[in-house]
Amino acid sequence: MNTAGDSPKAPVDPAVWHEPEMRASLAVRDIGAVYRQLKRRGVSQRRIAGLTGQAQPEISEIMNGRQVMAYDVLSRIADGLGVPRGLMGLAYDGVQAVDLREQTEGDSDMERRGFLGLVAKAAVVGLSASELESIRVLPEPGPRPSRVGMQDVANLEATIGFFRAQDDRYGGGSVRSAVTAHLEWADGLLEAAASDAVRTRLQQTLADLHSLAGWVSFDLGSTRHAVRHFANALVLAKESREHALAAKVLFQMGRVYLHDGEPGNALKVFQLGQMSAQDANSPRAVALLHLNEAWAYAELGNAGQTRVQLTRAAEELARESDQDVPSWLAFMSEAEIEGIAGMAYTALSARDRSFSGAGLEHATRSFDMRAETDARSRTSDLIAIAVNRLRAGEVSGGVRAGAEVLQRMDGVRSSRLLDRLGWVQQAAELHAGQGDARDLAEQVSRLRSA
């Protein structure tokens, strides 16, 4: 029952937001369901419109199924209705954040006693939703040094190394939040005092961190965030004259286009990266760009140029010594050449199954050469192995490889790999008359649609 009357500005009873059905609707931001539940409680469309600043026809459209996606509109609705933002997964504004911190940090004896009471209740009977909301920990950046030295930069580089290893092993979903949160703090180091040498190395390290943030975002399918991080990385790499890192960032940008089915645009970006790699006089970076150009040519159906670029990549890598390899280029190895060659020939075998043998050979070598800690790449290799076996008519071997891929996907959070699983499904459907292949296709379909 609505006890607040039907004045356009009369507030909604706060207890409404903590009812189970309402909390479920708020959690998934189903505003239509929220409005319908309010209407059942006697809150009119006129009153909802008055509180949220929306027109009544818009309220009707939302109640009839129109989704509300824009963050600013969701924020306005939450604030107007008095919904605790946390129930909708929305960030708190500065005033709310300060208020909550003041309530929970215990600046006075009274607040400390109140907090102890909450602790006692939590230990014995548990807390209500509103009490849980009052102790929610808000993100707060740590203090930054007023002056940055080489050791500070080295510490940041070590942190990036840890994040990169986690990404390789568990996928971008395992570290993206941590990477972006650390980046928010680390970007502020540029405001600190530093020598010219330290500032240059800091710019290079931040370029690497933006590069990693872009890569893990891309791995989760967040292209918009990925390309922004890559753009920041490119600017920092160029400003610090680290041309090999700029080349790597352009390779990453090109891979976004390649994954999105735009091999022509990907090739253009790889060729831009090749210019930076040449400026750096880095055979390893040059090899990386040739390698990915091969994949782009394969997606375009150009088998001749695919072979040419793969050969050039191997030749350039052979020229590179293993001394003083920067951490952000260490992945570019013989295993990487075999893995991308496997991807390139897999792309060609989609048009001409005679390339399946080469795709299988390269992907198998890559899988065997990689450490188990490189779990995402090994899973990608297995996808190519399964696809090429199925395309070549080796159904039992392809199904076994596909089943292993599905097992490994449990431990890797990667939207890119989920997308590539579509290749396995298509290849298995070539043999829909065989039960095990049909079962594999159905399992993949269920996983990708989950």
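The values are calculated or read from the model by the stated rules, or taken from the named source; none is laboratory data. Note that the structure is predicted; figures quoted are calculated from it, not measured. Every residue, glycine among them, receives a Cβ derived from its backbone with ideal geometry; neighbour counts consider all protein chains shown.
Filtering the stretch 165-175 to residues that are within 22 Å of Asp152 (Cα to Cα), touching a residue at least 40 places away in the same chain (Cβ under 8 Å) and surrounded by 14 or more Cβ atoms within 10 Å (Cβ to Cβ) leaves only Val175. Would you mind stating whether Leu127 is hydrophobic (A, V, I, L, M, F, W, C) and not in a helix (DSSP H, G or I)? In short, yes. Just to be sure, is Ser380 over 22 Å from Gly221 (Cβ atoms) and of a type in the set (Ser, Thr, Tyr)? For Ser380, the condition - over 22 Å from Gly221 (Cβ atoms) and of a type in the set (Ser, Thr, Tyr) - is not met. Take the conditions (1) part of a helix (DSSP H, G or I); (2) surrounded by 13 or more Cβ atoms within 10 Å (Cβ to Cβ); (3) of a type outside the set (Val, Ile, Thr); Asn155 misses just one of them, which is (2). With respect to Ser396, determine if the residue is touching a residue at least 24 places away in the same chain (Cβ under 8 Å) and surrounded by 18 or more Cβ atoms within 10 Å (Cβ to Cβ). Answer is no for this residue. Please verify whether Asp324 is under 30 Å from Ser282 (Cβ atoms), at pLDDT below 95, surrounded by fewer than 19 Cβ atoms within 10 Å (Cβ to Cβ) and out of contact with any Phe, Trp or Tyr (no Cβ under 6 Å at 6 or more places or on another chain), treating the condition exactly as stated. So Asp324 fits the description; yes. The number of residues in the stretch 306-357 being outside any loop (DSSP other than H, G, I, E, B), in the same structural domain as Ala392 (by TED's automatic domain parsing) and of a type in the set (Lys, Arg) comes to 1. Taking the stretch 296-326 as the range and being within 12 Å of Ala344 (Cβ to Cβ) and aliphatic (A, V, I, L, M) as the test, the residues that pass are Ala296, Ala298, Leu300, Ala303, Val308, Leu310, Ala313. For Arg413, the conditions (1) closer than 26 Å to Gly172 by Cα; (2) in a helix (DSSP H, G or I) all hold with the exception of (2). The lone criterion from (1) modelled with pLDDT of 95 or more; (2) under 21 Å from the mean Cα position of the chain (by Cα) left unmet by Gly221 is number (1). List pairs: first in the stretch 421-449 and within 25 Å of Arg376 (Cβ to Cβ), second of a type in the set (Lys, Arg) and crowded, with 18+ Cβ neighbours inside 10 Å, Cβ under 7 Å, 6+ apart or cross-chain? Pairs that qualify, where the first residue is within 25 Å of Arg376 (Cβ to Cβ) and the partner is of a type in the set (Lys, Arg) and crowded, with 18+ Cβ neighbours inside 10 Å, are Ala427/Arg391.
Being surrounded by fewer than 18 Cβ atoms within 10 Å (Cβ to Cβ), farther than 20 Å from Arg376 by Cβ and at pLDDT below 95 is true of Asn281. Pairs linking a residue in the stretch 37-58 that is in the same structural domain as Pro20 (by TED's automatic domain parsing) to a residue that is surrounded by 15 or more Cβ atoms within 10 Å (Cβ to Cβ) and basic (Lys, Arg), with Cβ atoms under 9 Å and 6 or more positions apart or on different chains, are Leu38/Arg47; Gln45/Lys39; Ile48/Lys39; Thr52/Arg76; Gly53/Arg76; Gln54/Arg76. Entry remark, the stretch 235-248: residues being under 9 Å from Ala207 (Cα atoms), free of Cβ contacts under 8 Å to residues at least 60 places away in the same chain and buried (at least 24 other Cβ atoms within 10 Å of the Cβ) number 3 in total.
The listed residues are Ala432, Ala386, and the only one of them that is at pLDDT below 95 and not hydroxyl-bearing (Ser, Thr, Tyr) turns out to be Ala432.
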